[in-house]
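Asks: The structure that follows is given in the form of structure tokens.
The values are calculated or read from the model by the stated rules, or taken from the named source; none is laboratory data. Model, not experiment: these values are computed from the prediction. A quick note on method: Cβ atoms are made from the backbone with ideal geometry, for glycine too, and the neighbour counts reach across all protein chains shown.
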Amino acid sequence: MPPIFLLAILPTLLAASPPPPEISIAQEVRALPGRLDRTPVFNSNSPEKVLKEGILLSTFPGNNKAHPAAHLNYAFAGNFDIFAHHVAQAKPETDLRSLYIGVILHNPTTKPVTIKVLQGASYLSQPDAPFVNLAAQIEDPNGSVFAGPGSRATSDVLRDRRQNIFPAQIIIPAGGSQMLMNLPIPVKGLTPPLNGRSSYIRLNSNGKVYAASMALFAPSTNGIERPPTLAEWQNLLNKGDLSSPRDVAPTVPNSPGGITYGRVAGVSIGSRWQANLTDLGKQSLTVPPAGKAISWGISTLVGGQFGTGQVASAKMAVRYPDTAYESHGNYGVHYSLKLPLSNPSTTPRQVTVALQTPLKQESIDGVLRFLNPLPRAVHFRGTVKVSYPDDQGTLQTKYYHLVQKRGDQGSPLLNLTLPPRSNRSVQVDLLYPPDATPPQVLTLRSLQDK
């Protein structure tokens, strides 16, 4: 059969292929203990694809601005995070100017404000972090394994790194403004002319500040592109409107029918979820009987609660009316989960801990559903950190980069044997990566006795 004919009928063959068979596994799913902290997150993700210059997210007051509705009037102080993910595409394809993403910080007070950059990273899809095909699980002690800019940025922040493009601190004089970020998304030389940038930054300010993310095409001097100046960014902030075209608006909460979650543009509340995964009212977690498992939902959301009744999505303090009602997915949220394992039995118990991506379900009827074979759609790309004492009592810390597809049962992150009447704590940390589709579960399983 000629290759051209194979190409012609391939979509029909794929469409006619039966869906992958489902695997139903009896598995207890518990709500994740604890809650999000109160750290505000400047959450700039709409419009995801930026085709025109304009304001992406502004928490400045609207007074003395040409378009007051583009400004949400929210001040930051103390600890706060900045998440920004946007994509540039040349339209028309002959317009190959770089799109700059700028984040400006303003001190409205009468005293200087010092902002410490605690951790931070910003990467492009091309060439920094392309979406390459990787194995499902790779041990990654140095942070050299990644697929996509969100995967790479959250891996850096999980390791407490501050990329050298960010200073250790910024001092903003009274009434002044400074750029935290002024970085390009180039499209020239790419086929198609499409590129993206993901950034995550943790900050601490000793005074009140406002923030805004904006998009400007690179100005040029004698035909050579240059970064926009502070004055050019301030002019856009004062005179510009929200960038368009806008993303698809979200479904109003509690509406009948399907759910459109929408993309986030606003300030979400919560950047860290710390939890001890214990039995109810106890200080420890009894490992399940042989062959049984316990799971906890990660980034559960409306339509995907796994029967826990828990929506983990961060609430929005302020948002634009056509953007997400909650921070679905909790991109960048640090999940810090401790499992204080206890084996009270008189026999050894072998246990595994794994991250899994079951089919999204609102209720589960006692089972989680997985697929085999797996489809092509990737639902999790990111790094997970696991810390635990080994059999000699020496603390081991390992990092794994995971690629999980929809319906993926995952592979064990660790395999431990607990002696009779013994205890051992396991710590699991991850920053929920932007290149992921929620929800997931963290699963503790006791293997069958041999």
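Asks: Can you spot a residue in segment 390-401 that is at pLDDT below 95, closer than 23 Å to Gly150 by Cα and buried (at least 17 other Cβ atoms within 10 Å of the Cβ)?
Replies: The answer is no; no qualifying residue exists.
Matching residues to (1) over 28 Å from Pro250 (Cβ atoms); (2) in the same structural domain as Tyr399 (by TED's automatic domain parsing); (3) of a type in the set (Asp, Glu):
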| site | (1), (2), (3) |
| --- | --- |
| Val41 | no, no, no |
| Leu51 | no, no, no |
| Asn64 | yes, no, no |
| Gly78 | yes, no, no |
| Lys116 | yes, no, no |
| Asn133 | yes, no, no |
| Glu139 | yes, no, yes |
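Asks: Another question about this same structure. Exactly one of (1) crowded, with 19+ Cβ neighbours inside 10 Å; (2) free of Cβ contacts under 8 Å to residues at least 40 places away in the same chain is unmet by Tyr210. Its number?
Replies: (2)
Asks: Which of the residues spanning segment 342-363 are polar (S, T, N, Q), touching a strand residue (DSSP E or B) at 6+ places or on another chain (Cβ under 6 Å) and more than 17 Å from Tyr432 (Cβ to Cβ)?
Replies: Ser342, Asn343, Gln350, Thr352
Asks: List every residue pair whose Cβ atoms lie under 6 Å apart, where the two residues are 6 or more positions apart in sequence or sit on different chains, the first residue falls within segment 250-271 and is farther than 18 Å from Gln305 by Cα, and the second residue, located anywhere, is basic (Lys, Arg) and buried (at least 21 other Cβ atoms within 10 Å of the Cβ).
Replies: Listed pairs, sorted by first residue: Gly266/Arg319.
Asks: I've got another one for you. Quick check on my filter: what residues within segment 154-173 are outside any helix (DSSP H, G or I) and either small (Gly, Ala, Ser) or within 18 Å of Asp140 (Cα to Cα) (or both)?
Replies: Arg159, Asp160, Arg161, Ala168
Asks: Could you list, in sequence order, all residues of segment 60-86 that are surrounded by fewer than 21 Cβ atoms within 10 Å (Cβ to Cβ) and among the small types (Gly, Ala, Ser)?
Replies: Result: Gly62, Ala66, Ala69, Ala75, Ala77, Gly78.
Asks: Tell me, which residue of segment 149-177 that is more than 14 Å from Gly332 (Cβ to Cβ) and in contact (Cβ under 8 Å) with a residue 60 or more places away in the chain is surrounded by the most Cβ atoms within 10 Å (Cβ to Cβ)?
Replies: Ile172
Asks: Of everything in segment 122-135, what is among the polar types (S, T, N, Q) and surrounded by fewer than 19 Cβ atoms within 10 Å (Cβ to Cβ)? Give them in sequence order.
Replies: Gln126, Asn133
Quick grid of which residues meet (1) within 25 Å of Pro227 (Cβ to Cβ); (2) surrounded by fewer than 22 Cβ atoms within 10 Å (Cβ to Cβ):
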{"position": "Tyr100", "(1), (2)": "yes, no"}
{"position": "Thr114", "(1), (2)": "yes, yes"}
{"position": "Gly120", "(1), (2)": "yes, no"}
{"position": "Gln137", "(1), (2)": "no, yes"}
